[in-house]
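Remarks on the structure that follows.
Rule-based calculations on the coordinates, nothing more; no lab input. This one's a predicted model, so the numbers in the text were calculated from it and none came from an experiment. Cβ atoms come from the backbone with ideal geometry, glycine included; neighbour counts cover every protein chain shown.
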């Protein structure tokens, strides 16, 4: 007899509507709060002790990505507007800087205090996260790659690199230091997300199909497709590897979260808490005291955030 999927620790609900992105707030030892950005442009601050909304403020429209650091917040909107906010003690946000990049669904990443963003003509731009001043541009060697769909920071030979997935299915690797393209390969079209294990040199791409594609990057920077794993339904919005490199989470268009063993790539459990497409999955960087464990947060188009403690 098949085992029923486990229940979440808690489900955060506050009529948020479509939630695009979430971000944990942690100190050196514990994780205390969770930020959530929505299609309506609101940013919610959840207190993980009370499981209640501590603040809610409208900071724009269709916020795709948020980054928190040193009492500052960066928001990236679908329109391409990037804003830096100062957060005061009353949890109010004060706009400090602005930057305009190419719009779309690609989520920015931060590498060595540089915010990497999608740019026009399939390029990427790097801006200083504290000043929002442009620093450099990554220009691909290929043409007609389409939109940049996803980004991932990776380390190869102890050096920082950036992986970009494109609308065409191309995956391009850039050297962050030299600002040069190292390699590229073509996988399935419409890549939606990438995650990568820099220790063993293996990554995985989610896309619009029902196939997860696993690839490797060797010491010569060659990107090679290694295997494919099929799931029941088409569409994977997010793939996320837990920091201990034991667990891979895949969030589907069908509202299910599939958890895989990263070592064997065997599926462990399918979670069906949400009834609309999964939009983001994040693992807390440290213990959430009231649950006495690290937590996985999952958000969806249904406006809720589920909290889980599994396989810790």
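Pop a pseudo-label 7 angstrom from the Cα along the beta-carbon direction at both residue 197 and residue 233 and give the gap in nm to one decimal.
According to this spin-label approximation, the distance is 2.8 nm.
How much length is gained on full extension from residue 86 to residue 57, taking 0.36 nm per residue of separation minus their Cα-Cα distance?
Answer, rounded to one decimal: 9.1 nm.
Considering only DSSP beta bridges where both residues belong to region 118-215, give the percentage that are antiparallel (nearest 5).
Beta bridges within region 118-215, antiparallel portion: roughly 100 percent.
Which whole-angstrom value gives the distance between the alpha carbon centres of region 92-156 and region 165-193?
Between the Cα centres of region 92-156 and region 165-193 lies a distance of 14 Å.
Indicate the gyration tensor shape class of region 94-236 (rounded, prolate or oblate), computed on the Cα atoms with a ≥ b ≥ c the square roots of the eigenvalues: a/c under 1.5 is rounded; otherwise a/b larger than b/c is prolate and the rest oblate.
Note, shape of region 94-236 comes out prolate.
Once the convex hull of the C-alpha atoms of region 273-312 is built, how many Å³ does it hold per residue, rounded to a whole number?
68 Å³
With each label point set 7 Å from Cα along the Cα-Cβ vector, what nm distance links residue 139 and residue 4?
According to this spin-label approximation, the distance is 6.0 nm.
Of 140, 118, 289, which is the most mobile in a GNM of the chain whose springs link Cα atoms less than 10 angstrom apart?
The residue with the greatest mean-square fluctuation here is 289.
How much length is gained on full extension from residue 71 to residue 105, taking 0.36 nm per residue of separation minus their Cα-Cα distance?
Full-extension gain reported as 9.7 nm.
Give me the percent relative contact order of region 18-100, please, defined on Cα pairs under 8 angstrom at least 6 residues apart.
With pairs under 8 Å counted, the relative contact order is 19 percent.
Share of Cα-Cα pairs in region 18-100 beyond 18 Å, in percent?
36 percent
Measure off 7 Å from each Cα along the Cα-to-Cβ vector at residue 226 and residue 286, then give the distance between these two points in nanometres to one decimal.
Taking the two extended label points, one gets 3.2 nm.
Which of [x] 34, 61, 5; [y] 35, 54, 11, 0; [z] 28, 49, 16, 6, 0 is the computed P(r) over Cα pairs in 20 Å bins from 0, in percent for the structure on display?
Given [x] 34, 61, 5; [y] 35, 54, 11, 0; [z] 28, 49, 16, 6, 0, the calculated one carries the label [x].
Using 20 Å as the cut-off for backbone N distance, which residues of region 116-158 belong to the label zone defined by a point 7 Å from the Cα of residue 26 along Cα→Cβ?
152-155
Expressed in nm to one decimal, what extension gain is obtained for the pair residue 40 and residue 179 from 0.36 nm per residue of sequence separation less their Cα-Cα distance?
Stretched out fully, the residue 40 to residue 179 stretch lengthens by 46.5 nm.
Relative contact order for the chain using alpha-carbon pairs under 8 Å, separation at least 6, rounded to a whole percent?
Over the chain, the number comes to 15 percent.
Please work out the C-alpha center-to-center distance from region 236-286 to region 12-35 and express it in whole Å.
Here the two parts' Cα centres lie 17 Å apart.
Looking at the square roots a ≥ b ≥ c of the eigenvalues of the Cα gyration tensor of region 250-306, which shape do they give, rounded for a/c under 1.5, prolate if a/b is larger than b/c, or oblate?
oblate
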